[in-house]
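Notes for the one structure printed next.
The values are calculated or read from the model by the stated rules, or taken from the named source; none is laboratory data. Small disclaimer: the values here were computed from a predicted structure and weren't measured. We place every Cβ from the backbone using ideal geometry, glycine too, and count neighbours over all the protein chains shown.
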């Protein structure tokens, strides 16, 4: 469920954007695939907010459903309260992997999972208590990862918030004549143009329990907003919007699904899932090593913190350079290069500009003659900066970070040329004054 959807509503001349992102399943560690939905949603939220829109940042957790039935039944057999205290999320992940494997050829385990989930939907206290414990553990560990990524949420919602209303959705579908019964006894909505059951969406299991999409429909009926998914789930969200429209919710036309491709090469050689925490740790360690071997690295108060920030920047820029819908191959060496279109180069350029400003304090208050900016390099930078509003508009229209990222990377290359061709040291004072002022304005984005 790695996706990004937004609902747009207008009120009193203000556009409100409700951006849902990340949406991991509780009791599971973040894997590397969660990175894209998290940072894409964060980009959209930051962009809309910077343009003056009211933005609600929501994390719609996968905290309900049959997967929790499996985990609950599995914890009863394979869980350890002691291990849960020592390494909570890792232990829950191990239990989930084990019970999934067990359920493949064990009908009793499958039935135990179904029974556990049914008890959860019936709000049996001992089951709900275990569910709440697992949810609290998960949210706490997730928040630590979000903090590292510079991400925050205004609301932690989830499927559990809408499981009661899901049954109301089923009743509404039934009263509108939209709910059909399939040959397998499941509840489906016929979305085919000719109503010939060639395109159906299952909203109810044969035992009467709800599915993810049923709870997602109830969420949007209740709150008028949306979730998030990779491009493999485009059909899923298309069905969601069609169901909402069929139920008479015309505002569903204002919902938008931002799809994105897959990251290739993010598994171990054994084909195992790579956890996001390990990716962030590896980025920091590799960056720290690169910094220690560089002749230009200055003495730092906290090199690990710097390596963390630059490493995460490198991860984000690698992800954002191309179209979101495209798959791309993950490459550590290319991503962490100090030269070329990388997050490292972006941060390096910003650091140089900050250094120039620190060594030339008080420049902003000094009058200067702009006619002295006659070099072609100066003109190129100024012309490029004039495109900033256009780039922001384009990014906001199609929700693609590549426009802004590539604008910044080109600006970095122009600045690198200016560092070589327009030295402040040794220039006439009037010219140096102009160049210093231009540098400050570039850094400030003006």
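Scanning for something out of contact with any strand residue (DSSP E or B) (no Cβ under 9 Å at 6 or more places or on another chain), surrounded by fewer than 14 Cβ atoms within 10 Å (Cβ to Cβ) and part of a helix (DSSP H, G or I), does segment 333-346 turn up at least one residue?
Within segment 333-346, one or more residues are out of contact with any strand residue (DSSP E or B) (no Cβ under 9 Å at 6 or more places or on another chain), surrounded by fewer than 14 Cβ atoms within 10 Å (Cβ to Cβ) and part of a helix (DSSP H, G or I).
Could you tell me which of the residues 314, 252 is without any contact (Cβ under 8 Å) to a residue 40 or more places away in the chain, surrounded by 14 or more Cβ atoms within 10 Å (Cβ to Cβ) and outside the structural domain of residue 410 (by TED's automatic domain parsing)?
That would be 252, the only listed residue that is without any contact (Cβ under 8 Å) to a residue 40 or more places away in the chain, surrounded by 14 or more Cβ atoms within 10 Å (Cβ to Cβ) and outside the structural domain of residue 410 (by TED's automatic domain parsing).
Tell me which residues, restricted to segment 53-70, are touching a strand residue (DSSP E or B) at 6+ places or on another chain (Cβ under 9 Å) and either modelled with pLDDT of 95 or more or in a helix (DSSP H, G or I) (or both).
Those that are touching a strand residue (DSSP E or B) at 6+ places or on another chain (Cβ under 9 Å) and either modelled with pLDDT of 95 or more or in a helix (DSSP H, G or I) (or both): 67, 68.
Looking only at segment 266-297, which residues are in a loop (DSSP other than H, G, I, E, B) and either touching a helix residue (DSSP H, G or I) at 6+ places or on another chain (Cβ under 8 Å) or surrounded by 12 or more Cβ atoms within 10 Å (Cβ to Cβ) (or both)?
Correct list: 266, 274, 297.
Might you check whether a residue that is touching a helix residue (DSSP H, G or I) at 6+ places or on another chain (Cβ under 7 Å) and free of Cβ contacts under 8 Å to residues at least 60 places away in the same chain occurs anywhere in segment 142-152?
Taking every residue of segment 142-152 in turn, none turns out to be touching a helix residue (DSSP H, G or I) at 6+ places or on another chain (Cβ under 7 Å) and free of Cβ contacts under 8 Å to residues at least 60 places away in the same chain.
Over 24 Å from residue 38 (Cα atoms) and surrounded by fewer than 16 Cβ atoms within 10 Å (Cβ to Cβ), is that true of residue 190?
The answer is no for residue 190.
Just to be sure before I move on: is residue 300 at pLDDT 80 or above, in contact with a helix residue (DSSP H, G or I) (Cβ under 9 Å, 6 or more places away or on another chain), assigned to a loop (DSSP other than H, G, I, E, B) and surrounded by fewer than 19 Cβ atoms within 10 Å (Cβ to Cβ) in the structure I sent? Outline the logic, then answer.
Working: at pLDDT 80 or above: yes; in contact with a helix residue (DSSP H, G or I) (Cβ under 9 Å, 6 or more places away or on another chain): yes; assigned to a loop (DSSP other than H, G, I, E, B): yes; surrounded by fewer than 19 Cβ atoms within 10 Å (Cβ to Cβ): yes.
Yes: the conditions hold for residue 300.
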